[in-house]
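Working notes, beginning with the structure itself.
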Ligand code: ADP
Ligand code: ASP
Ligand code: MG
């Protein structure tokens, strides 16, 4: 018998009615004679509420207890799914991360699955049981509950597919696949039938929330094909797979935008070796992730301006660290919270000249000013004012023939 991993996201298990529908989807695979492993997220909104509560208790909530708190939503959805399957006459049982156990490495809040103990789950599968696994959580070497970063039940699903050598890993969500850009932002977005791990990883890292970036790294590393489908309709979804399985490539596979960036500019920084390192060292020590960076030299060559972007959540820490930093001097510090990073992604740009120019010209035609630029082999990102995001996405979607 072949094994399938089915992962259900928050909206898919967002109400009792939705959970009843999910149970029917699960049963349809049992009837097709699959061994089914279910991974579930918390009911939509639950994890956000728990995060909010932690912030009200403390703006520096201890990370080990944060994980105990925010992982609790998955326990509810697991039990409801297992309960519904039992009600319908199917043997099913819920499993929290520590019960499996799902072992993790790394820090609280952003752990990664290192190993899944297969013994108990295999025994349950052999007895024709349907295990319902709490996504997003695991347990560390100290036997404490850990979580895998927001959206982390995608990673749980991919790792179950790896350890149980599943034939399929299906991510059920609230859209019927991966689109050329977020279909909730641009109505003209088109569903992508097949996309490579590399492109999907870039899209996810650059703001396409539909899959968690870590889960795509795991899928790519372990060569696991992932299907993204809707639990609301029965349409064909998107297959995420190896690049060589894909033909007929467009230059650009998709576009993304971000919601939570902040731009920080230090004006009049002394232009001497080691200055940038002095600015960024305390930030890196405090786990502040720097995204885009640009340094401009001023006319007199004695001063420069340094601009960088970070996650909005890290802004207060960043400002505190910069103001405390005795090793740096600057004339002024400017913060802009109304920015968004818009990116175009596609392996096709490696072999197609002129993509950068076309992107910049398209934005210029719409009178959208570019604040910062960053590029890699398969993506170009620009930072723009948030109010222009829709306009930019729409114009670029058209320019790169994705409409
Ligand atoms: P789940 O709760 O099922 O994990 P998420 O909310 O994490 O679902 O991800 C699904 C959402 O991702 C969609 O509702 C959509 O708004 C958003 N999204 C962003 N970019 C894309 C894209 N390129 N294709 C499809 N969905 C996208
Ligand atoms: N419930 C968790 C979250 O909201 C994990 C997930 O949805 O994948 O981040
Ligand atoms: Mg998600």
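Return 326, 341 ranked ascending by Cβ neighbour count within 10 Å, so the fewest neighbours appear first.
So the ranking, lowest neighbour count to highest, is 326, 341.
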Let me have the relative contact order for segment 151-234, percent, based on Cα pairs under 8 Å that are six or more residues apart.
-> 46 percent
For segment 18-32, list residues with backbone N below 11 Å from a point placed 7 Å from the Cα of residue 230 toward its Cβ?
-> none
On a C-alpha basis, how far is the centre of segment 97-117 from the centre of segment 127-205 in Å? Whole number, if you could?
-> 16 Å
Do you know the relative contact order of the chain, to the nearest whole percent, from alpha carbon pairs under 8 angstrom that are 6+ apart?
-> 13 percent
With each label point set 7 Å from Cα along the Cα-Cβ vector, what nm distance links residue 24 and residue 63?
-> 4.4 nm
Whole-Å distance, taken between Cα centres, linking segment 326-397 and segment 65-95 | 42 Å
Take the Cβ-Cβ distance between residue 209 and residue 278 as r, set R0 to 35 Å, and report the resulting FRET efficiency rounded to the nearest 0.05.
-> 0.50
Quickly work out the residue 247-to-residue 327 label distance, labels modelled 7 Å from Cα along the C-beta direction, and quote it in nm with one decimal.
-> 5.6 nm
Shape category assigned to segment 171-260 from the gyration tensor of Cα positions, a/c cut at 1.5 = rounded
So for the chain: antiparallel DSSP bridges make up what percent, rounded to the nearest 5?
-> 65 percent
In nm, spacing of pseudo-spin labels at residue 271 and residue 223 (7 Å Cα→C-beta vector) | 5.2 nm
FRET efficiency for residue 87 and residue 312 from the Cβ-Cβ distance with R0 = 41 Å, rounded to 0.05, comes out at 0.40
Mind checking the angle between helix 153-163 and the chain's longest principal axis? C-alpha axes, 0 to 90 degrees, to the nearest 10.
-> 60 degrees
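Every number in this text was worked out from the coordinates using simple rules, so none of it is lab data. Predicted model, so just to flag it, every value in this text is computed and none were measured. Cβ coordinates were reconstructed from backbone atoms using ideal geometry, including for glycine residues, and neighbour counts include every protein chain displayed.
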